[in-house]
Amino acid sequence: MIQKEIRYFFTALMFFTRIPCPPSTDHSEEYLNKSRKYFPLIGWIVGGIAALVFWASSFVFPVSISIVLSMVASVLTTGAFHEDGFTDVCDAFGGGWGKAQILTIMKDSRIGAYGVIGMALLLLLKLLALSEMATYGREVVVVGLICAHAVSRFVASTFVHTHDYVQDLDLSKSKPIASSRLSLAEMAYSLVFALLPFLLFQNPLALLVLPLAYVSKIYLGYYFKKHIGGYTGDCLGATQQVSEVVFYLSIIGLWKFM
């Protein structure tokens, strides 16, 4: 049982990062689906790497440069997996008319003006938000990065339980994740992983960030359903990116009460 859980974890790690995994890591439909409960734990790792880079570089460089380096570290760790989804969503919904055209543009590997502008603004917003958080102390950025990456991955994963996947499942690399749902116990297990980093804040008010981040998913879910009838893998990546930024903005807004 424990060995299987370890293999589920490594499947999630292999799917969402560029971190080397054991050769025995399984990417079968069963393992890809079951690995979803470990998505927040992958957020710990990605956020932890970004936080470590920020903390170490802040002893040498100004805060702004340290934050950019931490962002570079997270992108290199994931291979820009979620950022790619965000740019595809910007291009598709910005330049597409109707479901068919939106889905066609989303599958196009080329990046258009909407994607470039959207990603530039998103990265700028991350930089400014994290820079503002740094005025509260370097430790706030460190904890915030870990929590945001964990929570945003949990938030994105809930799409599987609330919306329909709209692309041809047989042609999609996300088929196992999109076509099967976790049990209630497994979702609770995943939620625990998303919430545990909040203990580092040592203030229960920080938990208010979770529902605020989920609001972004609710809106995006409404928007996606309205235009294409559900979600795609790129929509999950976009949701992770947006909810991560909303997390940082919510921390800034709540900090006066913490």
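We did not get these values from a lab; they are worked out from the coordinates using the rules stated. Quick caveat, the model's predicted, so the values are computed rather than measured. Note: ideal-geometry Cβ built from the backbone for every residue, glycine included; neighbour counts use all protein chains shown.
Between 140, 49, 188, the Cα set farthest toward the positive side of the dipole of segment 40-257 (charges on each charged residue's Cβ, about the Cα centre) is that of 188.
For residue 231, the residues 5 or more places off, or on other chains, whose built amide H falls under 5 Å of its own are 164, 165, 166. Of the residues 8, 202, 150, the one whose Cα sits farthest towards the positive end of the charge dipole of the chain is 202 (charges of +1 on Lys and Arg Cβ, -1 on Asp and Glu Cβ, taken about the Cα centre).
If the chain between residue 110 and residue 61 were fully stretched, how many nm would it gain, using 0.36 nm times the residue separation less the Cα-Cα distance? Could you put the intermediate results ahead of the total?
Details: separation 49, 0.36 × 49 = 17.64 nm, distance 3.50 nm.
Value of the extension gain: 14.1 nm.
Which stretch or stretches of segment 69-110 have amide N atoms under 20 Å from the point lying 7 Å from residue 120's Cα along the Cα→Cβ direction? The answer is 69, 71-72, 83-96, 110. Under a plain spin-label model, where a point goes 7 Å from the Cα along Cα-to-Cβ, how far apart in nm are residue 18 and residue 222? Calculated label separation equals 3.8 nm.
Extending 7 Å from Cα along the Cβ direction at residue 257 and again at residue 101 yields two label points whose distance is 4.3 nm. Which of 208, 195, 220 moves most in a GNM of the chain, Cα contacts under 10 Å? Among 208, 195, 220, the largest GNM mean-square fluctuation belongs to 208. When only alpha carbons of the chain are considered, Rg and Dmax amount to 17.8, 51 Å.
Neighbours of residue 201, meaning other residues whose beta-carbon lies under 15 angstrom from its beta-carbon, give a summed charge of +1 when Lys and Arg score +1 and Asp and Glu score -1. Comparing 231, 136, 38 in a Gaussian network model of the chain (Cα springs below 10 Å), the most mobile by mean-square fluctuation is 136. Pairs exceeding 23 Å between alpha-carbon atoms, taken from 126/226; 37/217; 4/107; 37/126: 126/226; 4/107; 37/126. GNM on the chain, alpha-carbon springs under 10 angstrom: the most fluctuating residue among 213, 185, 156 is 185.
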